[in-house]
Amino acid sequence: MTIMFQNGPAALISALYEELNFGKIIDRMVNWDEKQCHFSPGERVKAMIINIFSHRRPLYRIDEAYRHMDIENLFGRGISLDDLKDYNMARALDKIAERGAHEVFSTLCLEAISSEQLNLKYLHSDTTSISVHGDYEYAETTDPAFSIIYGHSKAKRPDLKQFLYGVSVNEDGVPICADVVSGNTSDKTWNFKYIEKLAANLKPEMLAETIYIADSALVTEANLIKLKEHSLRFISRLPGNFNLEEELKERAWAKNSFEELGVFSERKDAASYKVTELNESLYEDDYRFLIVHSSKLDKRKTKSFDRSLSETEKKVSKTIKEQEKIEYACLPDAETALNSFIKDNRDKHYIISGQVISEEKRKPGRPGKGNSSKTVYRLRLNLELDEKKVAQTRERLSCFILISNLDQSYSTAEILKQYKAQNKVETSFKFLKDPLFVGPIFLKKPSRVEALAYLLLIALLIFYILQRRVRKALETEDQPLLIPGKVETFKPTGKKILESVEVILTMTTDNPHRRAFSTNYKLPRVVSLAGFDGDIYLNVKERKRCFP
């Protein structure tokens, strides 16, 4: 009887996982009994990763994901659905946690850097939070630096406990280094500890060629000292709460020698940039400061500024109404009050002007002899928006300042370009949070949550290596790739690559070591672009079944 299999992207992921030697590395690193366990921890990790890219079942239902897959093609003869039960996956997570999940992942990254010849020149780094349901109150973890706890939620879920991902990706978006830390870790603290980890994970010659790129949380005295200790070059953004930021902006506009750099994106509505550079010291060390002006004002800054203008207008208008009710007995007192009011309520964006007016006011009581009117004085005030000052402030708000210790061989355009590429790490976060790949985390032990979090980072590593391989191969091709949606492209996303192989079907043959495609079936082009052929779907590996 012929049996049909729906392997989809499973065989492609399996082949890439094996070619990268990830399974063998995990088996060498973790503690397990080869004689008593024929389904190794490395193979179980592969099973969980294939599940992430295929049917995405929670671990307690992972065997359901393989019900219609060719298990023997993926893992070899002798493996069955019983080997793919949740308790087997949980034990693999425990083994990784015992060995040190961060160390396992870092070793896989180094292997990928070597085998794929990954470029480490620019590393874009940032953190994101992952919210989880559950108390995790009395549970323990093998990593003292990891706890599931309340913290600043970037997902805007302060009601849930969380942990944090910290990730560095290269220019191709491939994660080069990453860690999983406690949910209450601040970005400033994370950068400090992460720089140390990066220096420990990368060989000295690699670190010497690396430029660390991170957002403004990097710029603290402690972090700058740490960067200097490791001679690590960097690009970051000067925080807005530094007095130096306003000072540099004022000096830049006074200097008025901005260099036009143009746009850094192919989008029709892309902002245009101009920049000027100043050298200044911070915490007793000299740095390059790039004052960058964007033709587009940040929407958040626009709303904040407009709200501030509105609040100032309401506040001063109310004060004016109260002031205009006050009567003065003589002209000098009124004039003094006018000058004092204008001085005390002076605002950068509003002009307050006014004059003293007099009016005759009859004394209380019956009119008649001895009850004549008296002259009193009031202020008549006017509040007017200073359009010139407002325009000037909007110009300043369109500026941000980059800080770097790179030498002058790096142009201002290159520094800005690489900082603008910081969204590469944000794209990685989308994968780690994408419900298509990552479902709810149904694990009770924080140690398993931590191990699973690193397993997702391994999946992220494979995902972007696959994307990079296909894109690199297309650079030498004349014909673009036709992806789902009937779109032609030379730069397909990893998600579209996986969608291209979703419907691959195979079937059994008379040869137990070989499968077959249906008649006239044409294998999707992305398989060969990734460096493989149809055999990854058709071959069945023989394996010796040891003790269960």
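Between SER340 and SER257, the FRET efficiency from the beta-carbon distance, with R0 = 25 Å, is close to 0.05. The helix-based estimate of mean residue ellipticity at 222 nm for the chain, built from -39,500 (n - 2.57) per DSSP H run of four or more residues and divided by its residue count, is -12500 deg cm²/dmol to the nearest 500.
In percent, rounded to a whole number, the relative contact order of the chain is 21, using alpha-carbon pairs under 8 Å and six or more apart. If R0 is taken as 41 Å, the Cβ-Cβ distance between SER153 and ALA208 corresponds to a FRET efficiency of 0.65. Here segment 192-343 is treated with +1 on each Lys and Arg Cβ and -1 on each Asp and Glu Cβ, and its dipole about the Cα centre works out to around 700 debye. Pick out, from TYR60, TYR212, ILE342, the residue whose Cα sits farthest towards the positive end of the charge dipole of the chain, with +1 on the Cβ of Lys and Arg and -1 on the Cβ of Asp and Glu. Value: ILE342. Annotation: extensible slack from SER115 through ASP533 equals 148.5 nm (criterion: 0.36 nm per residue apart, minus Cα-Cα distance). Here is the list for segment 482-548: trypsin sites (Lys or Arg not before Pro) lying in DSSP coil, each with at most 16 other C-beta atoms within 10 angstrom of its C-beta, are LYS486, LYS522, LYS541, ARG543, LYS544, ARG545. Spin-label pair LEU523-LEU160: with each label point 7 Å from Cα along the Cα-Cβ axis, the two points sit 4.0 nm from one another. Between the amide H of LEU282 and those of TYR287, distances stay under 5 Å, these residues lying 5 or more places away or on another chain, with hydrogens modeled in the peptide plane. Computed from the C-beta positions of LYS417 and ASN511, the FRET efficiency with R₀ = 60 Å rounds to 0.65.
Placing unit charges on each Cβ (+1 for Lys and Arg, -1 for Asp and Glu) gives segment 381-530 a dipole about its Cα centre, and among LEU482, ASN423, ASN405 the Cα reaching farthest toward its positive end belongs to LEU482. Dipole size of segment 36-117 about its Cα centre, with +1 on Lys/Arg Cβ and -1 on Asp/Glu Cβ: approximately 200 debye, rounded to the nearest 20.
In a DSSP loop and with at most 10 other Cβ atoms within 10 Å, the GluC sites (Glu not before Pro) in segment 219-322 are GLU266, GLU284. The fraction of all Cα pairs in segment 91-225 landing in successive 10 Å bins from 0 to the largest distance is 11, 38, 35, 14, 1, given as whole percents.
Simple point charges give the picture: +1 on the Cβ of Lys and Arg, -1 on the Cβ of Asp and Glu, and for the chain a dipole about the Cα centre of about 2040 debye. Sorted largest first, the principal axis extents computed over the alpha-carbon atoms of the chain equal 128, 56, 50 Å.
If you average the sequence gap of Cα pairs under 8 Å that are 6 or more apart and divide by the length of segment 266-345, what percent do you get for the contact order?
Details: 39 pairs, mean separation 15.2, N = 80.
Value for segment 266-345: 19 percent.
Label sites at SER281 and SER186, each approximated as a point 7 angstrom past Cα along Cα to Cβ, lie 2.6 nm apart. The stretch between GLN6 and ASP82 holds 25.5 nm of extra length on full extension. This uses 0.36 nm per residue minus the Cα-Cα distance.
With the charge dipole of the chain set up from +1 on Lys and Arg Cβ and -1 on Asp and Glu Cβ about the Cα centre, the Cα lying farthest toward the positive end among the listed residues SER304, VAL356, VAL167 is that of VAL356.
Compared with the direct C-alpha span, the chain from ASP27 to GLU426 gains 140.5 nm at full extension, assuming 0.36 nm per residue.
Read-outs throughout are calculated quantities, based only on the coordinates presented, and are distinct from any laboratory measurement. No experiment lies behind these values; they were computed from the predicted model shown. When we count neighbours, we look across all protein chains shown, and the Cβ atoms used for this are built from the backbone with ideal geometry, even at glycine.
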